[in-house]
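The values are calculated or read from the model by the stated rules, or taken from the named source; none is laboratory data. Everything quoted here is computed from the prediction, not taken from an experiment. Here the Cβ positions follow ideal geometry from the backbone for every residue, glycine too, while neighbour counts run over all protein chains shown. When the accessible area is computed, the model is the full protein with side chains, heavy atoms only, and any ligands, DNA or RNA have been set aside. Shrake-Rupley method; radii C 1.70, N 1.55, O 1.52, S 1.80 Å.
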Amino acid sequence: MRQKKFIVRVQRDLDYYLKEHQNKTNRILHYFAFMSAFMAWLFLFFDLKVTLILALLHYLLSWVGHFYFEGNKPASFRYPLIGFYSGFTWFFIKTFEIVTGKEILNKWIYEKLED
């Protein structure tokens, strides 16, 4: 039962995340923003300067996407945890979709939420 509640929570949070990121340009910027953030985590073990630059790039891309293209505030302002884990979850699923050419995210979120 806990596992089902957790999955439903993740689906709900991803659904919220996607609704806050509907503009195509914003999504592209966010993809590269989370790629920068992921690389920042990797560089944390090698070069702190690169980590800081990549982290700043992450926020710059995200905020430009929200304020200029989407016209809303970043989810991390209101819900930092949701913005963090939903963003990374979306990034990894999106990367999988790009590599495989299969759409899974929308099917997974909306099929399961209707149950």
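Suppose the filter is farther than 15 Å from Lys19 by Cβ and touching a helix residue (DSSP H, G or I) at 6+ places or on another chain (Cβ under 7 Å); does Phe84 pass it?
It is true that Phe84 is farther than 15 Å from Lys19 by Cβ and touching a helix residue (DSSP H, G or I) at 6+ places or on another chain (Cβ under 7 Å).
Can you name every residue in region 62-103 that is on the phi < 0 side of the Ramachandran plot, open to solvent by less than 70 Å² (accessible area, probe 1.4 Å) and not in a helix (DSSP H, G or I)?
Once the filter is applied, which keeps residues that are on the phi < 0 side of the Ramachandran plot, open to solvent by less than 70 Å² (accessible area, probe 1.4 Å) and not in a helix (DSSP H, G or I), region 62-103 yields Asn72, Pro74.
Answer yes if at least one residue in region 76-92 is among the hydrophobic types (A, V, I, L, M, F, W, C), at pLDDT below 90 and more than 16 Å from the chain's Cα centre (by Cα), and no otherwise.
No.
Would you mind telling me which numbered condition in (1) free of Cβ contacts under 8 Å to residues at least 40 places away in the same chain; (2) touching a Lys or Arg at 6+ places or on another chain (Cβ under 6 Å) His21 fails?
For His21, the failing item is (1).
Mind listing whichever residues of region 26-69 are touching a residue at least 40 places away in the same chain (Cβ under 8 Å) and farther than 19 Å from Thr89 by Cβ?
Phe69
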